[in-house]
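Q: Next up is a structure, given as structure tokens.
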């Protein structure tokens, strides 16, 4: 398996595992969106809670320039470390949710 395919599969496996822990709810649904053509991978919650609209990006990854970018993490999970546990190199993960000037202090990749 080449590196890009490994990254794709690792992200999909991780998001699928996380999403399987999600408590089922009749008011909204959890969606996993895997766009391999453009390399965007999202976990969204969509629906209604009474009169309140639910549309939340829970976790969002992109693959850009040969690196995995963590763009959003609205959980108490650590998806970057979990990707490392799956065999992704620390230098191949960019914390896009951090400002560019802070990324060199994160112990992950820098772009």
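The values are calculated or read from the model by the stated rules, or taken from the named source; none is laboratory data. Just so we're clear, the structure is a prediction, and the values are computed from it rather than from any experiment. Here Cβ is always computed from backbone atoms with ideal geometry, including for glycine, and neighbour counts include all displayed protein chains.
Q: Please find, within the stretch 91-111, the residue that is surrounded by the most Cβ atoms within 10 Å (Cβ to Cβ) out of those that are within 16 Å of the chain's Cα centre (by Cα) and assigned to a loop (DSSP other than H, G, I, E, B). Step through it out loud before you land on a result.
A: Going residue by residue through the stretch 91-111, those that are within 16 Å of the chain's Cα centre (by Cα) are 92-98, 108-109.
Checking the rest, the ones that are also assigned to a loop (DSSP other than H, G, I, E, B) come to 95-98, 108.
Values: 95: 19, 96: 19, 97: 14, 98: 14, 108: 23.
Across the stretch 91-111, the extreme among qualifying residues is 108.
Q: Filter the stretch 71-90 for residues that are surrounded by fewer than 19 Cβ atoms within 10 Å (Cβ to Cβ) and part of a loop (DSSP other than H, G, I, E, B) and give the result.
A: Answer for the stretch 71-90, where residues must be surrounded by fewer than 19 Cβ atoms within 10 Å (Cβ to Cβ) and part of a loop (DSSP other than H, G, I, E, B): 74, 75, 76, 77, 78, 86, 87, 89.
Q: Separate question: Among the residues of the stretch 1-47, write down those that are assigned to a loop (DSSP other than H, G, I, E, B) and either farther than 23 Å from residue 92 by Cα or modelled with pLDDT of 95 or more (or both). Give the derivation first.
A: To start, the set of residues in the stretch 1-47 that are assigned to a loop (DSSP other than H, G, I, E, B) comprises 1-2, 21-27, 36-39.
2, 21, 22, 23, 24, 25, 26, 27, 36, 37, 38, 39, listed by residue number.
Q: Turning to a different aspect of this structure: Taking the stretch 48-70 as the region of interest, how many residues are in a strand (DSSP E or B) and surrounded by fewer than 18 Cβ atoms within 10 Å (Cβ to Cβ)? Spell out the reasoning first.
A: Of the residues in the stretch 48-70, the ones in a strand (DSSP E or B) are 48-49, 52-64, 67-70.
With surrounded by fewer than 18 Cβ atoms within 10 Å (Cβ to Cβ) added as a condition, the list becomes 48-49, 52-57, 64.
Result for the stretch 48-70: 9.
Q: Cβ contacts < 9 Å: first residue on the phi > 0 side of the Ramachandran plot and touching a residue at least 24 places away in the same chain (Cβ under 8 Å), restricted to the stretch 21-42; second residue part of a strand (DSSP E or B) and surrounded by 12 or more Cβ atoms within 10 Å (Cβ to Cβ), any location; separation 6+ or different chain. Result?
A: 39/61; 39/62; 39/63; 39/64
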